[in-house]
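**Q** Here it is: the structure, laid out below.
Laboratory data are not the source of any read-out in this text; all were calculated from the coordinates shown. Quick caveat: nothing in here was measured; it's all calculated off a predicted structure. Here Cβ is always computed from backbone atoms with ideal geometry, including for glycine, and neighbour counts include all displayed protein chains.
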Amino acid sequence: MDRCIVLVDAGYLLGAAASLLAGEPSRSRITVDHAALIQGLRERAESDTRQPLLRIYWFDGAPDRVPQPEHRRLRVMPRVTVRLGALTRSDGRWAQKGVDAAMHAELTELARNRACSDIVLVTGDGDLLPGMMAAKEHGVAVHLWAVQAADGDYNQSEDLVAEADERRVLDRAWITQAVRAKEFGGVCAPPPVPRPEIAAILSAPLPDAGMGAAAERTVQEPEHPTAAGHNGTSERAGKGVPTPKDLAALRVPHPPQQPASATLRWSSDKGWVDRPAAEPPDAASMPTLAQLTTAEQRWADREEDITTVGGDPFEVGQVFARRWVERLGDPSQIQKLSGMYPRIPHRVDGELLRYAARFGLLAHKDDQIDERDRYAIRAGFWRELDLRTGTERAPAGE
């Protein structure tokens, strides 16, 4: 068949791109526009092979072979098929398992069935050499593409390079059309965008300023001689937001201003206050997004999450708030919620964080969302709500 097929080893492509742009092969150091990357692969393949594209196969690893947000976005794109191997952690490093075997099997099967005339391989692994040789024996032209090496040397198996019918290097200019380094100072990273909304939430006063100040003084000025010498507690206490570990290390009686039941508030607040037995009626009556969403809307939301929402924490909070406000339709309840700033009712807040977890924002160490990301998620929520209600918040520090 006079068609071309592209087989992409995502670990090689994105790892080599990270090395080129960010100086190390960690994919966490780069941001990828997958739609632009797929379009670039398609255009280059059709140009090089002079054949129309049949399909792009995207091979990657995932924990327990569970599709990650990027895989869910990729597999709904036209002419893209995602194949997942396992992703395991060994000696502090992540390693793919089964990806090479899957690529080998697909390569030989496509050639045996004469599904195409040309196959483009984007990989550097010499384990695919037998599959490449088998494909050539079935009359398929094999094109091998490399990502420009950061050090100017080969980043592919020399045997693989020698066996390929055609070779191509995807240079820096081509890579940066769809991939950029995350950190400022990288090859193509923009300066970080300030988030004044996050600072505004962090600087918001507690409902009872006296209680919060008393609690903060208790943490910063421990009376017990052991309070400042346990696991660096004194250094952490100076930040004004004690952790449960800090509280246990203080070992001081609760002052009159701070009841024994005092506990830390959720992370958008500062200090500690007594948590009430129940939320105020206005907060407890707030419906969740799930209660406001029909089956048709749920399907449309999933499609939007896959194809449009990029996964930036601030953006995720905005998307959630937009859907919630549009479907609530009761201006009085929206105004009530706006007046609760910066505290989102527990039911809505929990649903917001569960929604954000779908976008791969969980920290690997404890399967919880990183503190900075939680600030950004909630700041995005409030920013969208303020835009809808026309509310102007005073900048932090005023």
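**Q** Size of the dipole of region 287-345 about the Cα centre, Lys and Arg at +1 and Asp and Glu at -1 on the beta carbon, nothing else charged, in debye to 20?
**A** Once rounded to the nearest 20, the dipole reads 320 debye.
**Q** Under the 0.36 nm per residue contour assumption, what length would be gained going from the current alpha-carbon distance of Arg322 and Met133 to full extension?
**A** 62.7 nm
**Q** Please identify which residues in region 309-341 have an amide N closer than 11 Å to a label point set 7 Å out from the Cα of Val76, following the Cα→Cβ vector.
**A** Of the residues in region 309-341, 309 have backbone N under 11 Å from the label point off Val76.
**Q** Between the DSSP loop rule and a limit of at most 10 other Cβ atoms within 10 Å, which chymotrypsin sites (Phe, Trp or Tyr not before Pro) in region 278-329 are left?
**A** Sites meeting the loop and neighbour criteria: none at all.
**Q** How big, on average over all directions, is the shadow cast by the Cα convex hull of region 78-188, in nm²?
**A** For the Cα atoms of region 78-188, the hull's average projected area reads 9.1 nm².
**Q** Would you calculate the separation in nanometres between label points at Thr308 and Thr288, each defined as 7 Å from the Cα along the Cα-to-beta-carbon direction?
**A** About 2.4 nm, to one decimal.
**Q** Between Ala181, Ala135, Val169, whose Cα lies farthest towards the positive end of the dipole of region 111-181 when Lys and Arg beta carbons carry +1 and Asp and Glu beta carbons carry -1, centred on the Cα centre?
**A** Ala181
**Q** OK, next. Within a Cβ distance under 10 Å of Ala17, other residues only, what is the Lys/Arg minus Asp/Glu net charge?
**A** +4
**Q** What is the extension gain from Asp330 to Glu109, computed as 0.36 nm multiplied by their sequence separation minus the C-alpha to C-alpha distance, in nm to one decimal?
**A** Additional length available on full extension: 73.8 nm.
**Q** Would you mind computing the Rg to Rh ratio of region 1-46 from its alpha-carbon coordinates, Kirkwood style for Rh?
**A** A ratio of 1.06.
**Q** Could I ask something else about it? Take the eigenvalues of the Cα gyration tensor for region 1-97, scale each by 5, and report the square roots as semi-axes in whole Å, largest first.
**A** Result for region 1-97: semi-axes of 25, 16, 12 Å.
**Q** Related question: Under 5 Å between amide H atoms, partner at least 5 residues away or on a different chain: which partners does Val80 have, H built in plane at 1.01 Å?
**A** Ile56
**Q** I'd like to compare 5-12, 48-55, 126-133: which one has the highest average count of other Cβ atoms within 10 Å, and what's the full order after that?
**A** Order by mean packing, descending: 5-12, 126-133, 48-55.
**Q** Now, a different point. Order 79-87, 385-393, 117-125 from most to least packed using the mean count of other Cβ atoms within 10 Å.
**A** 117-125, 79-87, 385-393
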